[in-house]
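Read-outs: derived from the displayed coordinates by stated rules, not from any lab. None of these values were measured; they are calculated from a predicted model. So basically every Cβ, Gly included, is an ideal-geometry build from the backbone, and we count neighbours across all protein chains shown.
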Amino acid sequence: MDRLASIRKPFETVGIRILFIVQELGRLAIFFLKGLRHIFSYPPQFAKFIEQLYFIGMKSVLVICLTGAFTGMVLGFQGYYTLVKFGSEGILGTMVALTLIRELGPVLTAIMITGRAGSAMAAEIGIMRISEQIDALETMGIHSIRFLFSPRLAAAFVSFPLLTAIFDAIGIFGGYLTGSLLLGISPGIYFYRVEYSVQMVDINGGFIKALVFGAVVVTICCFQGYYTHTRKEGFGAKGVSFATTSAVVISSVLILATDYVLTSFLM
């Protein structure tokens, strides 16, 4: 009997873990659908939407510009020294533009917003949970998901594509700085290749990724903060710290995984 139990225990452990993951995915899906539905509920939360649009979008512009500029400059350097081996340095503009618009722009924008705004969202909502402010909202008849999550989700749908566009534009200009001003490629050739190679389908694909990444980041970060009190690692400040860390790590991993899935469909 003991031998049978020892053989069965690893399978039970794996089964319990799988059931827990499925349960969490279900809770996450319900959380997202409730938040998405309440975006369109009456009365509209226009003031909260503008507040979150400023926090997620406007306050991220500087870090997005810096990241985009240095990413484009690095792409210009690396791309030039790769293409020059094949005598194709004239298509540097194509390489920089398509790499940014299709992949690096949406991905790096989402990761940078996760680190700057996503962690703050998880911590703020987590502190509201452990200090019973969310319970107070429910007591007063205010739907907590509608009040805390829906305006952030709506703001993410607007700010992520706009910040991605800024990242792409700054990155292309950064590639011009290194490719043309430092390495000697003709500015006319560089921008001609950018204009010639970038199609609307590439831009639309980048914006679709930005929208999906926005939903992923805000949903994961708000979900982790909202359910801080259910964490097994600890309650109080320790639970908030674990929730914030989990929000950033899970969001970053899901951004990369989702990018692979979307690229498979959009190619």
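For the chain, return all DSSP H helices satisfying: extent of Cα atoms along own axis at least 24 Å; mean Kyte-Doolittle hydropathy at least 0.0. It would help to have the intermediate numbers written out before the result.
Working: long enough: 2-39 (55 Å, 0.56); 61-83 (32 Å, 1.49); 150-176 (40 Å, 1.23); 200-226 (39 Å, 1.45); 237-266 (42 Å, 1.40).
Length and hydropathy pass: 2-39, 61-83, 150-176, 200-226, 237-266.
Can you compute the FRET efficiency between residue 47 and residue 84 using 1/(1 + (r/R0)^6), with r the Cβ-Cβ distance and R0 = 41 Å? Round to the nearest 0.05.
Efficiency at R0 = 41 Å is approximately 0.15.
For the chain, modelled as a GNM with alpha-carbon contacts under 10 angstrom, which of 163, 28, 62 fluctuates the most?
Among 163, 28, 62, the largest GNM mean-square fluctuation belongs to 62.
For residue 142 and residue 23, what does the FRET efficiency come to when R0 = 25 Å and r is the distance between their Cβ atoms, rounded to the nearest 0.05? Provide the component values of the computation, followed by the final result.
Working: r = 27 Å, r/R0 = 1.07.
After rounding, the FRET efficiency stands at 0.40.
With a cut-off of 16 Å, note down the residues of segment 159-174 whose backbone N falls inside the zone around a label point 7 Å from the Cα of residue 183 toward its beta carbon.
171-174
On the principal axes of its Cα set, how long, how wide and how thick is segment 49-187? Give whole Å, largest value first.
69, 22, 20
Under 14 Å from a point placed 7 Å out from the Cα of residue 230 along the Cα-to-Cβ direction: which residues of segment 141-162 have their backbone N that close?
From segment 141-162, the list is 145.
Please compute P(r) over all alpha-carbon pairs of the chain, binned at 5 Å starting from zero, and give each bin as a whole-number percent.
Per 5 Å bin, starting at 0, the Cα pair percentages come out as 1, 6, 11, 14, 15, 13, 10, 8, 7, 6, 4, 3, 1, 0, 0, 0.
Pairs of alpha-carbon atoms within less than 8 angstrom and 6+ residues apart define the contacts here; what relative contact order does the chain have, in percent? Display every interim value, and only then the final one.
Values: 328 pairs, mean separation 82.9, N = 267.
31 percent.
Work out Dmax and Rg for segment 130-267 from the C-alpha atoms and quote the Rg first, both in angstrom.
Here Rg and the maximum Cα pair distance are 20.8, 66 Å.
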